[in-house]
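The values are calculated or read from the model by the stated rules, or taken from the named source; none is laboratory data. As the structure is a prediction and not an experimental result, all values here were calculated from the model. Positions of Cβ are generated from backbone atoms using ideal geometry, with glycine treated the same way; all protein chains shown enter the neighbour counts. Keep in mind that these areas ignore ligands, DNA and RNA; they rest on the heavy atoms of the full protein, side chains included. Shrake-Rupley method; radii C 1.70, N 1.55, O 1.52, S 1.80 Å.
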Amino acid sequence: MSDLEGRIALVTGSATGLGRSMAVKLAERGADVIVNYSRSVAEAEETADLCRAAGSQVQVVKANVADPAGCAALAAAAAQRGRLDILVNNAGITRHAADHSDLNALSKADFMDTYEVNVVGPYLMLQATKPLLEAAYATTGRASAVLNTSSIAGIKGVGSSVAYAASKGALNTMTLSLARALAPAIRVNAICPGFIGTRWFKDAMDEGAFESKVRMIEAKTPLGVASGPDDIADAALFFVSDAARHVTGEMMLVDAGMHLVL
């Protein structure tokens, strides 16, 4: 498919995991991609190489989305192309504190750090790129697409920590607010994955525990599968394609049915 040919896409947090999958799939469908990382330069270059192999023109930008200067740097990269058609706010962090009843497991700093990246970061990115997203609309007559990577945690109050779940709930509410405020030039939607088999989980546990987690997910979800990043990215790309041209202010669970049993 080349339905996104000629479009400019920016994916925050695209060095690894879901961000990488979305960046590569955007490239495979014809978009030119801005790859973003904050620490993982080698992995970001790997993502860029995969995008280039798909025929994409690629820029790699180091930036922290919780910093207005970082968001400005990403916007400046897009400004070189004169517009931005697709913004994927994918960068995110967590503080692992799986026992939600342990109120001493998280500090004020844990909450603030999580909110700065997961909530304030997407807002700052839209603040920095809004003129470019509007320029794409003015040029093409097609609403630009913003996709926020949220989580089942923001809907069901589950997940790696209370701070993470709360931040994703806030991101969902912000998705609704901005979808209303930025129409008709910009569509804003969110995707809410459940478990994704990436280093997000692997880094929090040893290999045996991770394999046990995968088996538990497979046994628990109605579809009997543990999702990988490509599974989520395939659904995510619906929102940034013309198939979703009449869709804004939506949050879609992609969790193999996990929400049905929680």
Scanning for something part of a helix (DSSP H, G or I) and under 18 Å from C71 (Cβ atoms), does region 190-213 turn up at least one residue? no
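Give G13, G70, G92, G55 a once-over and let me know the one that is surrounded by fewer than 24 Cβ atoms within 10 Å (Cβ to Cβ), in a loop (DSSP other than H, G, I, E, B), at pLDDT 95 or above and not charged (D, E, K, R). Break it down stepwise before answering.
Working: G13 fails: surrounded by fewer than 24 Cβ atoms within 10 Å (Cβ to Cβ); G70 fails: in a loop (DSSP other than H, G, I, E, B); G92 fails: surrounded by fewer than 24 Cβ atoms within 10 Å (Cβ to Cβ).
Selected residue: G55, the only one of G13, G70, G92, G55 that is surrounded by fewer than 24 Cβ atoms within 10 Å (Cβ to Cβ), in a loop (DSSP other than H, G, I, E, B), at pLDDT 95 or above and not charged (D, E, K, R).
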Identify all residues within region 175-185 that are assigned to a helix (DSSP H, G or I) and more than 14 Å from the chain's Cα centre (by Cα); write none if there are none. L176, S177, L178, A179, R180, A181, L182
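When you check K213 against the structure, is it more than 19 Å from the chain's Cα centre (by Cα), at pLDDT below 90 and not aliphatic (A, V, I, L, M), yes or no? Lay out the reasoning, then the answer.
On the way: more than 19 Å from the chain's Cα centre (by Cα): yes; at pLDDT below 90: yes; not aliphatic (A, V, I, L, M): yes.
Judged against the criteria, K213 is a match.
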With the first residue restricted to region 167-179 and required to be in contact (Cβ under 8 Å) with a residue 12 or more places away in the chain and over 14 Å from A153 (Cβ atoms), and the second required to be among the hydrophobic types (A, V, I, L, M, F, W, C) and open to solvent by less than 30 Å² (accessible area, probe 1.4 Å), Cβ contacts under 8 Å at 6 or more apart or on different chains are M174/V119; T175/V188; T175/A190; L178/L126; L178/V146; L178/I186; L178/V188; A179/V188
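Return yes when M1 is of a type outside the set (G, A, S) and crowded, with 22+ Cβ neighbours inside 10 Å and no when it is not. So that I can check it myself, show each step before the final result.
Values: of a type outside the set (G, A, S): yes; crowded, with 22+ Cβ neighbours inside 10 Å: no.
For M1, the condition - of a type outside the set (G, A, S) and crowded, with 22+ Cβ neighbours inside 10 Å - is not met.
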Hey, V225 hits all of (1) closer than 20 Å to A153 by Cα; (2) outside any loop (DSSP other than H, G, I, E, B) but one; which does it fall short on? (2)
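For region 154-174, which positions are aliphatic (A, V, I, L, M) and either closer than 29 Å to S144 by Cβ or under 18 Å from the mean Cα position of the chain (by Cα) (or both)?
The initial filter retains those residues of region 154-174 that are aliphatic (A, V, I, L, M), namely 155, 158, 162-163, 165-166, 170-171, 174.
Passing the criteria: I155, A163, A165, A166, A170, L171, M174.
For region 16-30, which positions are among the polar types (S, T, N, Q) and open to solvent by 30 Å² or more (accessible area, probe 1.4 Å)?
We begin by selecting, within region 16-30, every residue among the polar types (S, T, N, Q); these are 16, 21.
T16, the sole residue that qualifies.
I want to confirm something. Restricting to region 238-262 and keeping residues that are in a helix (DSSP H, G or I) and of a type outside the set (F, W, Y), which single residue is surrounded by the most Cβ atoms within 10 Å (Cβ to Cβ)? Let's see the steps before the verdict.
To start, the set of residues in region 238-262 that are in a helix (DSSP H, G or I) comprises 238-240, 242-244, 258-260.
Restricting the remaining residues to those that are of a type outside the set (F, W, Y) gives 240, 242-244, 258-260.
Working: V240: 27, D242: 11, A243: 11, A244: 18, M258: 22, H259: 16, L260: 11.
Step by step, filter region 238-262, then rank; the result is V240.
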Which residues, taken from region 220-237, are crowded, with 22+ Cβ neighbours inside 10 Å and within 14 Å of the chain's Cα centre (by Cα)? P229, I232, A233, A236, L237
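Within region 163-199, which residues are closer than 21 Å to V261 by Cβ and not charged (D, E, K, R)? Walk me through how you get there before you give the answer.
Filtering region 163-199 for residues closer than 21 Å to V261 by Cβ gives 164-165, 168-169, 172, 191-197.
Scanning region 163-199 gives Y164, A165, G169, N172, I191, C192, P193, G194, F195, I196, G197.
In the set G154, G121, which member is closer than 23 Å to L262 by Cβ and either hydrophobic (A, V, I, L, M, F, W, C) or in contact (Cβ under 8 Å) with a residue 12 or more places away in the chain (or both)?
Numbers: G121 fails: closer than 23 Å to L262 by Cβ.
From the options G154, G121, the qualifying one is G154.
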For region 161-181, which positions are surrounded by fewer than 20 Cβ atoms within 10 Å (Cβ to Cβ) and either among the hydroxyl-bearing types (S, T, Y) or modelled with pLDDT under 95 (or both)? T173, S177
Per-region count, region 31-52, residues over 18 Å from I8 (Cα atoms) and surrounded by fewer than 19 Cβ atoms within 10 Å (Cβ to Cβ): 7
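If you check I217 against the conditions, is it in contact with a helix residue (DSSP H, G or I) (Cβ under 7 Å, 6 or more places away or on another chain), part of a helix (DSSP H, G or I) and surrounded by 17 or more Cβ atoms within 10 Å (Cβ to Cβ)?
On the way: in contact with a helix residue (DSSP H, G or I) (Cβ under 7 Å, 6 or more places away or on another chain): no; part of a helix (DSSP H, G or I): yes; surrounded by 17 or more Cβ atoms within 10 Å (Cβ to Cβ): yes.
No: the conditions fail for I217.
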